[in-house]
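**Q** Structure incoming, see below.
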Amino acid sequence: MSHTGALGVFDSGLGGLTVVRALRALLPSERIVYLGDTARVPYGTKGAATVVKYALGCTRHLVRRGVKTVVVACNTVSAVAPDRLRVEFDLPILGVIEPGARAAVRASRTGRIGVLATAATIASGAYPRAIAQESTRAEVTAMAAPLLVPLAEEGWIDGDVPRLAVRRYLGPLTRAAVDVVVLGCTHYPLFRPILESEVARDVVLVDSAEATAHEVREFLIERGLEHPGTALGGLELLVTDVPRTFEEMARRFLGGELPDVEQVDL
Ligand code: DGL
């Protein structure tokens, strides 16, 4: 596997561009091929078997494009599919759950950790399991926050509607007196300002996208897979459907200018 190859990143849709954003900030020389399964988003409301099937298709496509490593940007896929993907494909597959869990344990002083994620991620129990691997004394309060996905896609990231939804979802976490909240979904970093204003001042928000970017960098360095150049790596954007509001949405998650987009069939 060549260190000059691209990093493959995939997500159920465009939300995973929050992970690309974090990766590009830390690894500007890496070329990234991003695949968003916009034809089948959301995954977070679907059953695990369906999510695994879709994840196999996305990974197969990236492997065909010769990527050196696959980063699963989607929390839902990272919660239910990596074991199967690692059996099927002979290249490193990195997810977002373990990095998020490790960052949460490091940030928590009391061991009381809250997790917000999609219904499928919460049902899988992946975050509590990953957190328990890092700390036996941690107590996890996990809450599905499904409405935040369509709100983010619609661009309703400030104002009364998202604030009330956020407040409702944070309720059990606040009652459990958590001191860390894991943003366990690609879309939730967009609500950071509201989340910050709805939690106590000493509560730390852990963005699984940022934690993942740090671990991907460490992984590439350790394996000698880091791109050797200093020029900007560039981004290829692949989607399975071009939604009407594609540009607006993609810009919201990625920030900055968008590259050309290519529509692909899986
Ligand atoms: N990408 C998904 C995740 O991080 C959120 C969107 C969806 O439900 O597909 O869990």
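The values are calculated or read from the model by the stated rules, or taken from the named source; none is laboratory data. Predicted model only: the values in this text are computed from it and were never measured. In this analysis, Cβ positions are derived from the backbone assuming ideal geometry, glycine residues included, and neighbour counts consider all displayed protein chains.
**Q** I'm trying to understand the selection: among the residues of segment 183-208, which are more than 21 Å from Leu14 (Cβ to Cβ) and either among the β-branched types (Val, Ile, Thr) or not in a helix (DSSP H, G or I) (or both)?
**A** Scanning segment 183-208 gives Val199, Ala200, Arg201, Asp202, Val203, Val204, Leu205, Val206.
**Q** Only residues that are within 15 Å of the ligand (Cβ to nearest atom), in contact with a helix residue (DSSP H, G or I) (Cβ under 6 Å, 6 or more places away or on another chain) and outside any helix (DSSP H, G or I): list them for segment 123-155, please.
**A** Selection gives Ala142, Met143, Ala144, Ala145, Pro146, Leu147.
**Q** If you go through segment 197-225, how many residues are more than 16 Å from the ligand (Cβ to nearest atom) and over 14 Å from Val71 (Cβ atoms)?
**A** Of the residues in segment 197-225, 11 are more than 16 Å from the ligand (Cβ to nearest atom) and over 14 Å from Val71 (Cβ atoms).
**Q** So which of Thr230, Thr240, Thr212 is of a type in the set (Val, Ile, Thr), within 27 Å of Ala117 (Cβ to Cβ) and out of contact with any helix residue (DSSP H, G or I) (no Cβ under 6 Å at 6 or more places or on another chain)?
**A** The unique qualifying residue is Thr240.
**Q** If you don't mind, another one. If I ask for residues that are surrounded by 20 or more Cβ atoms within 10 Å (Cβ to Cβ), of a type outside the set (A, V, I, L, M) and touching a residue at least 60 places away in the same chain (Cβ under 8 Å), which ones from segment 149-172 would you list?
**A** Across segment 149-172, the qualifying residue is only Glu153.
**Q** Something else about it: Name the pairs whose Cβ atoms lie under 6 Å apart, with the first residue in segment 245-261 and touching a residue at least 60 places away in the same chain (Cβ under 8 Å), the second in a loop (DSSP other than H, G, I, E, B), and 6 or more positions between them or separate chains?
**A** From residues that are touching a residue at least 60 places away in the same chain (Cβ under 8 Å), the pairs are Met249/Leu14; Ala250/Leu14; Ala250/Leu258; Phe253/Leu14; Phe253/Gly15.
**Q** Additional query: Which of the residues that make up segment 158-196 are away from the ligand (no atom under 16 Å from the Cβ) and within 18 Å of Ser108 (Cβ to Cβ)?
**A** Across segment 158-196, the qualifying residues are Leu170, Pro172, Leu173, Thr174, Arg175, Ala176, Ala177, Val178, Asp179, Val180, Glu196.
**Q** Checking the condition of a type in the set (Ser, Thr, Tyr), over 22 Å from Leu254 (Cα atoms) and in contact (Cβ under 8 Å) with a residue 60 or more places away in the chain, which residue from Thr69, Thr50, Thr45 passes?
**A** The conditions single out Thr45.
**Q** Then there is this: Can you tell me which of (1) buried (at least 23 other Cβ atoms within 10 Å of the Cβ); (2) within 24 Å of Thr38 (Cα to Cα) is the one Val178 doesn't meet?
**A** (2)
**Q** Ok, one more. When you scan segment 98-117, do you find a residue that is surrounded by fewer than 24 Cβ atoms within 10 Å (Cβ to Cβ), out of contact with any helix residue (DSSP H, G or I) (no Cβ under 7 Å at 6 or more places or on another chain) and of a type in the set (Asp, Glu), even just one?
**A** no
**Q** Sticking with this one: Residues in segment 133-151 that are touching a Pro at 6+ places or on another chain (Cβ under 9 Å) and under 16 Å from Glu198 (Cβ atoms): how many?
**A** Qualifying residue count, segment 133-151: 5.
Yes/no per residue for (1) among the hydroxyl-bearing types (Ser, Thr, Tyr); (2) at pLDDT 95 or above; (3) under 18 Å from Phe10 (Cα atoms); (4) surrounded by fewer than 17 Cβ atoms within 10 Å (Cβ to Cβ):
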| residue | (1), (2), (3), (4) |
| --- | --- |
| Leu220 | no, yes, yes, no |
| Gly229 | no, no, no, yes |
| Gly234 | no, no, yes, yes |
| Leu238 | no, yes, yes, no |
| Glu248 | no, no, no, yes |
| Arg251 | no, no, yes, yes |
| Glu257 | no, no, no, yes |
| Asp260 | no, no, yes, yes |
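Table: residues versus (1) outside any loop (DSSP other than H, G, I, E, B); (2) within 10 Å of the ligand (Cβ to nearest atom); (3) closer than 22 Å to Gly184 by Cα.
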residue: Gly13; (1), (2), (3): no, yes, yes
residue: Val19; (1), (2), (3): yes, yes, yes
residue: Ser29; (1), (2), (3): no, no, no
residue: Val33; (1), (2), (3): yes, no, no
residue: Gly44; (1), (2), (3): no, yes, yes
residue: Cys58; (1), (2), (3): yes, no, yes
residue: Val77; (1), (2), (3): yes, yes, yes
residue: Asp90; (1), (2), (3): no, no, no
